[in-house]
Amino acid sequence: MDEAKDPESCNVFALIKVFGTPDEIASIRGKYMTPNIGFGYGHAKSALLEILTRYLAPYRIARTKLLENPELVEKKLAEGAKIMNARLEEKMKVVKKLVGVN
């Protein structure tokens, strides 16, 4: 834990770069590269967990709202089905004409 680490060779840090803020990335990169501070891969994984928890929070909230409101989901699905069925009917008219089936 006391040795400096190469953040660019670490898969955990690669994920931190994707989901973290620029300040978090810089801070964690510094911890990776600073020897004798007691920062190990377990600490990096904990930091990644915090980052992912924050990043995914809006999606969890949206999922909860959908689970609490199934009639909204059904309504949206019905609207989508109506639109797609209309498109399919038009496409089938073209296909039937090309194939010669009336």
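The values are calculated or read from the model by the stated rules, or taken from the named source; none is laboratory data. In this text, all values refer to a predicted model and were calculated from it rather than measured experimentally. All Cβ positions, glycine included, derive from the backbone under ideal geometry; neighbour counts span all protein chains shown.
Quick notes on this structure:
- Residue match in the stretch 31-40 (condition: in contact with a helix residue (DSSP H, G or I) (Cβ under 7 Å, 6 or more places away or on another chain), assigned to a helix (DSSP H, G or I) and at pLDDT 95 or above): no
- Residue in the stretch 70-83 that is charged (D, E, K, R) and under 21 Å from L15 (Cβ atoms) present: no
- Failed item, numbered, when P35 is tested on (1) farther than 20 Å from D2 by Cα; (2) over 23 Å from the mean Cα position of the chain (by Cα): (1)
- Only one of the numbered conditions (1) within 21 Å of D2 (Cβ to Cβ); (2) assigned to a helix (DSSP H, G or I); (3) aliphatic (A, V, I, L, M) is not met by L56, and that is (1).
- Residue that is surrounded by fewer than 11 Cβ atoms within 10 Å (Cβ to Cβ), modelled with pLDDT of 95 or more and assigned to a helix (DSSP H, G or I), where the choices are A47, A78: A78
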